[in-house]
Amino acid sequence: MTPVLIIGGIIFVVLIWLLTTYNSLVTLRNRVREAWSQIDVQLKRRSSLIPNLVETVKGYVKHEKDVLENVTKARTSLMNAKNPHEAAQADNMLSGALKTLFAVAENYPQLRATENFKQLQEELSDTETKVAASRQFYNTSVLDYNNSLETIPSAWVASMFGFIKEEFFKASEEEKADVKVKF
């Protein structure tokens, strides 16, 4: 009877470990999904601000049609992104288009002086800060999740149940480039 209890105890311990590990992996995967959702919320907030910005700028920069079209195309790409990788690419494209738009706006002092433009610029700046914080949280969540998938013994459970690694939200090469400041 003692060997049966020992074998039963071992099986019980292994089952508890398996359930605990599985639940831990599910929790980490859900944290990654929730973190992505936070990025998505901020990107949608920014996308909602863009049409107002474009309309404000339109009247002043009649000769800069390409810039406005690029902002609109980038916004559309971001809104149509289906996964974090596509969203990251579209976000990088939109960031570049917005930088160009604000650079063009520098040539129009009357535009920069309007209250509406200032407010939109502040809201976009605030949103950019929130996007950056959300990206950091997402990448931390992905790191924790991916580490669990790659470390033993949880890697065994992950492979048994088909857990897959997630991608980090990466900055584009343009965003990594040194900023050139001229006085």
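Structure data summary
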{"quantity": "Residues located in the range 1-33, provided they are without any contact (Cβ under 8 Å) to a residue 12 or more places away in the chain and under 30 Å from Thr129 (Cα atoms)", "calculated": "Val26, Thr27, Asn30, Arg33"}
{"quantity": "Residue that is in contact with a helix residue (DSSP H, G or I) (Cβ under 8 Å, 6 or more places away or on another chain), on the phi < 0 side of the Ramachandran plot and either at pLDDT 90 or above or among the small types (Gly, Ala, Ser) (or both), where the choices are Arg45, Arg112, Arg135", "calculated": "Arg135"}
{"quantity": "Residues that are within 25 Å of the chain's Cα centre (by Cα) and touching a residue at least 24 places away in the same chain (Cβ under 8 Å), drawn from the range 145-171", "calculated": "Tyr145, Ser148, Leu149, Ala158, Phe163, Glu166, Glu167, Phe168, Phe169, Lys170, Ala171"}
{"quantity": "Unique match (being of a type in the set (Asp, Glu), part of a helix (DSSP H, G or I), over 29 Å from Glu166 (Cα atoms) and in contact with a helix residue (DSSP H, G or I) (Cβ under 9 Å, 6 or more places away or on another chain)) among Glu86, Glu34, Glu123", "calculated": "Glu123"}
{"quantity": "Meets criteria (exposed (fewer than 15 other Cβ atoms within 10 Å of the Cβ), over 30 Å from Thr21 (Cβ atoms) and either at pLDDT below 85 or not basic (Lys, Arg) (or both)) for Glu123", "calculated": "no"}
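The values are calculated or read from the model by the stated rules, or taken from the named source; none is laboratory data. Since we're looking at a predicted model, the values are computed, not measured. Please note: Cβ atoms are built from the backbone with ideal geometry, for glycine as well, and neighbour counts cover all protein chains shown.
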